[in-house]
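S.K.: Below is a structure I'd like to ask you about.
Values in this text are rule-based calculations from the coordinates and carry no lab data. No experiment lies behind these values; they were computed from the predicted model shown.
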């Protein structure tokens, strides 16, 4: 399960950090350190059952193609598998890998040519939830205090993060997200993601669960 906690401001509630729940905690720590994303996530041990597509991905936005290749290469050397090789697209350059714990990561840049050497820096981390109805889910979250930053009809919605947040929350059609990642859309069992907030526990329209941040006691990765 992934644990994502939120912090509250006067204007809105926003995602503050993500905790991945994994079967082998020590192995996951080694992988994410080698991958270079350990400062952006937290880890905890779990045997939650989950099969197929878990309904989400974590996306890294970086500066250029060389940096995409750097992160993809680091993930593969640490034990990840390729779902989509890094390549140019209409929107830029990117690739998709799956971590040994099953989490899917997309690494991409809007740039098609390098303007400098590869750097071990991440510009942005986005947690993309695959949902059946983007408009309805956007309204659900907006009604609970999240501030909508971008919205493209029923295809995509993005919420404004807190200034100190390392992760941004966004919504995408589930089947479209699975297709973009190169995996079947079907899945069962735990989503392996829980969103923590300042309100009481709740479950959204797609079964993604929220729990009160006060009840969460995450451990650093």
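S.K.: Find the centroid of the Cα atoms in region 97-128 and in region 18-60, then give the distance between the two in whole Å.
M.R.: 16 Å
S.K.: Which of rounded, prolate or oblate describes region 45-164 when judged by the alpha-carbon gyration tensor and an a/c cut-off of 1.5?
M.R.: Oblate, because a/c is 1.5 or more while a/b does not exceed b/c.
S.K.: What shape does region 14-73 have by the C-alpha gyration tensor, where a ≥ b ≥ c are the square roots of the eigenvalues, rounded means a/c under 1.5, and otherwise prolate means a/b greater than b/c and oblate the rest? Don't skip to the end; give the middle numbers.
M.R.: On the way: a/c = 1.76, a/b = 1.57, b/c = 1.12.
Prolate is the answer for region 14-73, as a/c is 1.5 or above and a/b outweighs b/c.
S.K.: Considering Cα pairs under 8 angstrom that are at least six residues apart, work out the relative contact order of region 2-215 and quote it in whole percent.
M.R.: Reported as a whole number, the value is 27 percent.
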